1. Among A:Ser9, A:Val99, A:Gln38, whose Cα lies farthest out toward the positive end of the dipole of the range A:1-155, if unit charges sit on the beta carbon of Lys, Arg (+1) and Asp, Glu (-1)?
2. How compact and how long is the range A:133-257, expressed as Rg and Dmax of its alpha-carbon atoms in Å?
3. For the range A:132-246, give the magnitude of the charge dipole about the Cα centre (Cβ charges: +1 Lys/Arg, -1 Asp/Glu; no others), in debye to the nearest 20.
4. For Cα pairs less than 8 Å apart in space and 6+ apart in sequence, what is the mean separation divided by the residue count of chain A, i.e. the relative contact order in percent?
5. Taking only the C-alpha atoms, wrap a convex hull around the range A:69-186 and report its volume per residue in Å³ as a whole number.
6. Which order do the peptides B:5-11, A:127-133 take when ranked by the mean count of other beta-carbon atoms within 10 Å per residue, highest first?
7. Among A:Ser157, A:Ala181, A:Pro223, whose Cα sits farthest toward the positive end of the charge dipole of chain A (+1 at Cβ of Lys/Arg, -1 at Cβ of Asp/Glu, about the Cα centre)?
8. Calculate the mean, over all residues of peptide A:159-169, of how many other protein chain Cβ atoms lie within 10 angstrom of the residue's Cβ.
Amino acid sequence: MFEARLLRSSILKKVLEAIKDLLTQATFDCDDNGIQLQAMDNSHVSLVSLTLRADGFDKYRCDRNISLGMNLSSMSKILKCAGDKDTVTMKAQDNADTVTFVFESPNQEKVSDYEMKLMNLDLEHLGIPETEYSCTIRLSSAEFARICRDLSQFGESIVISCTKEGVRFSASGDIGSANIALAQTASVDKEEEAVVIEMEEPVTLTFACQYLNYFTKATSLSPQVQLSMSADVPLVVEYRIPDIGHIRYYLAPKIDD
Amino acid sequence: NIKQKGITGFFTKL
């Protein structure tokens with residue numbers, strides 16, 4: 001028996017928003033520690049890694065490891081039926097071919113359950129090595145979303161260049177070019193608005209705008225985002241989900257042939 | 001000539 005309950009459905013709704021444009025289907029691997037999801041987009045350019053720890057749920061029970069293969073657009077349709085303040089419970093029997101979502105209103109006066117067919121997904125899993133990155137940049141997630149959106153107007157790629165002085169995002173194309181430079185902040189009133197850079201070596205890498213914009217669908221999950229870069233390896237865009245886990249997106253760079 | 005790399009080449013297949 002698997003059962004996971006969240007007091008607020010909004011977390012799960014936001015998680016779905018953060019992955020559903022990038023992935024059509026994915027397996028939720030559930031064990032004692034919580035729920036893990038790892039999946040590549042259809043073009044195998046990026047990889048999503050989601051962790052929701054058992055201790056972040058209000059109730060969590062997983063008697064046997066279970067993999068729930070889900071169609072994400074169907075799951076998203078179901079989660080849209082939950083009110084933001086509803087409690088959500090995901091349930092599946094061992095070896096089940098369906099998963100059930102139960103939504104309960106705060107006063108318990110409305111209880112809905114939705115049963116969804118599971119899919120047998122034979123997806124490739126990748127081992128992600130522990131990596132020391134040359135640069136890590138922490139900034140407001142809303143600011144990062146804004147930068148990606150603004151620069152997307154200029155071209156298909158964004159160049160991210162990180163030095164000790166700051167981080168620079170650039171794009172160029174038919175209409176011209178754009179550069180946004182962020183300096184490391186000296187002091188801020190709100191911690192989540194700070195730009196914090198840790199740099200061992202300067203790094204400049206080029207990435208596809210389209211994917212960066214997909215990743216920013218996670219903005220509402222966290223006030224801050226962390227970018228980790230090293231030369232010639234995938235960028236990591238990490239959103240920490242308060243009290244329960246994180247979502248990490250890995251994006252392969254564009255490299256000069 | 002800048003080309004988009006695939007992600008699989010950077011990680012090990014399990």
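1. My answer, from the dipole projection, is A:Ser9.
2. When restricted to the Cα atoms of the range A:133-257, Rg and Dmax are 13.8, 45 Å.
3. 280
4. 21
5. Roughly 224 Å³ of hull volume per residue.
6. B:5-11, A:127-133
7. With unit charges placed on the Cβ atoms, the residue in question is A:Pro223.
8. Per-residue shielding by partner chains comes out at 0.
Only the coordinates and a few stated rules stand behind these numbers; no lab work does. Keep in mind that this is a model prediction, so the values were computed, not measured. Because the Cβ atoms are built from the backbone with ideal geometry, glycine has one as well, and the counts that use them run over all protein chains shown.
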